[in-house]
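Values quoted throughout were computed directly from the atomic coordinates according to the rules given, and no laboratory measurement underlies them. For clarity, every value in this text was computed on a predicted model and none was experimentally measured.
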Amino acid sequence: MDKRKVILVTLCVAMALAFGVHYMNEAGAICDGECAGAASYFLKTFAPQLGNTLIVFTLLWWFGAPAVSKYLEARKSRIERDIEECGRIKAQANERAEKAEQMLSELGEEKRKMCQSYETATAQECKRIEEDAVSQGERLKRDAEMSFELQSATARRRFEREVVDASIERARKEIEARLAQDASLRDKLIERSIASFEL
């Protein structure tokens, strides 16, 4: 505590004591009937109380004002820090919201690309399946044609062989019938056969 505050406190205490003593003396005089009149009664009763009140308020202001001012400054600085912290948190929230929005936009773009790639892959797969089906159909058609041609050739050869066999059998029967009817012809055929063996 500096000297000015000590002096001021001392003066205030002295004034309070003086006013108190004066108030007590005057009050005793009033009680003894030595004083009369409203003005003197006011001065002797309420003036000391008013002085004491002023002294008390002066002391409170002198000693309490710095503490209140310090508290208000601390409160102000704390509120300013809270406001700055709120601003920082708000800025972080806005930044996170922007990042989230950007991420959602990127996810939407990636989803669109994935859907497009899936559609392209599906179209290519459908085209490949269609081409495979057409190729397999053509191959089955060729196989069927080749099988039909092979079966037709086999049937044709079988038919030709049967016709040849039937013709040979009919010629053999005709020759046997002619040989049975004509003995000289049979002898000639035998001689020709022997002659051909001799050659």
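Values as computed for the structure displayed
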| item | result |
| --- | --- |
| Spatial extent of the stretch 76-150: Rg and Dmax, with the Cα atoms as the point set, Å | 31.6, 107 |
| Set of aspartates and glutamates with alpha-carbon distance to residue 188 below 19 Å, sequence-local pairs under 8 removed | 174, 176, 198 |
| Integer Hz, Karplus 6.51/-1.76/1.60 couplings in order for the stretch 107-114, x for Gly and Pro | 5, x, 5, 5, 4, 5, 5, 5 |
